[in-house]
Amino acid sequence: MIPSVAVGVAGGTGAGKTTLARLLAERLGDVTVLDLDSYYRDRSELSPASREGLNFDEPGAFDMCLLVKHVRQLREGRPVQKPRYSFEHHTRTGVDILSPAAIVLVEGLLALWWEELRRLFDLKIYLDAPSDVRMTRRVTRDIASRGRTAESVRRQYEDTVRPMHDLYVAPTRAHADLVLVNERDVGTCLETLCSALKAAPFPRIIAPRAHP
């Protein structure tokens, strides 16, 4: 079995982590992505009203043990059952089977928060962007894909997202091997990340997938 490379991509809400991960997978091809959002704890035991009042931007909101287990399994060449999570209801609705790949990429707010998870990464990335840009992207995303209203997104941002960013997310920048700034063009960040992957002494050569 060819050893895999594990990459962690952290950063604030709206920094572009999911987009960067998708573009990297499209560019290189042999990439499995674990999004931290899929590892929110299942809250089906709580009433809908109680779920709405939870803080989803602090470390305890995530099932870190399951995420670590899945990263290890993928690095060992074994498939995993990634949870499928509903942001509208804050519950798990099933699983998606993910196969091992040359690159295992974990992206999410707190991908660099837990030391146990950081130790599994060969390359640690922090993706940054100005706070006003990130908030605008968050509002647009949550309205379009998470069944939210603009008012509820802004209220959540001010009540929990911003203070939790300052408390938990921003400090993880210090753990990054590479800090990328996505103010306007995430394509520039992608090129820098690809160059870092090709230059680093990983256990296999990473090369872009050939395009027809």
* Quickly run through segment 56-65 and pick out the residues that are in a helix (DSSP H, G or I), buried (at least 16 other Cβ atoms within 10 Å of the Cβ) and modelled with pLDDT of 95 or more. => 64
* Structure fact -> For residue 135, the lone unmet condition from (1) of a type outside the set (Asp, Glu); (2) in a helix (DSSP H, G or I); (3) touching a Phe, Trp or Tyr at 6+ places or on another chain (Cβ under 9 Å); (4) without any contact (Cβ under 8 Å) to a residue 60 or more places away in the chain is (4)
* **Qualifying residue in segment 35-55 (condition: surrounded by 13 or more Cβ atoms within 10 Å (Cβ to Cβ), on the phi > 0 side of the Ramachandran plot and not aromatic (Phe, Trp, Tyr))** => no
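For (1) under 27 Å from residue 162 (Cβ atoms); (2) touching an Asp or Glu at 6+ places or on another chain (Cβ under 9 Å); (3) of a type in the set (Lys, Arg); (4) assigned to a strand (DSSP E or B), each residue gets a yes or a no:
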| residue | (1), (2), (3), (4) |
| --- | --- |
| 49 | yes, no, no, no |
| 67 | yes, no, no, no |
| 77 | no, no, no, no |
| 109 | yes, yes, no, no |
* Structure fact -> Reported set for segment 79-90 where residues are crowded, with 18+ Cβ neighbours inside 10 Å and either in contact (Cβ under 8 Å) with a residue 60 or more places away in the chain or not in a loop (DSSP other than H, G, I, E, B) (or both) is 80, 82, 83, 85
* Quick one: which residue in 63, 96, 57, 30 is acidic (Asp, Glu) and within 13 Å of the chain's Cα centre (by Cα)? => 57
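Out of 18, 13, report the one residue that is in a helix (DSSP H, G or I) and within 19 Å of residue 187 (Cα to Cα).
None of the others qualify; the one that does is 18.
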* Asked: Which condition does residue 160 not pass, out of (1) in contact with a strand residue (DSSP E or B) (Cβ under 8 Å, 6 or more places away or on another chain); (2) under 19 Å from residue 60 (Cα atoms); (3) at pLDDT below 85, if it passes all the others?
  -> (1)
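The values are calculated or read from the model by the stated rules, or taken from the named source; none is laboratory data. Nothing here was measured: the structure is a model prediction, and the numbers come from that model. FYI the Cβ positions are ideal-geometry reconstructions off the backbone, even for glycines, and counts take in every protein chain you see.
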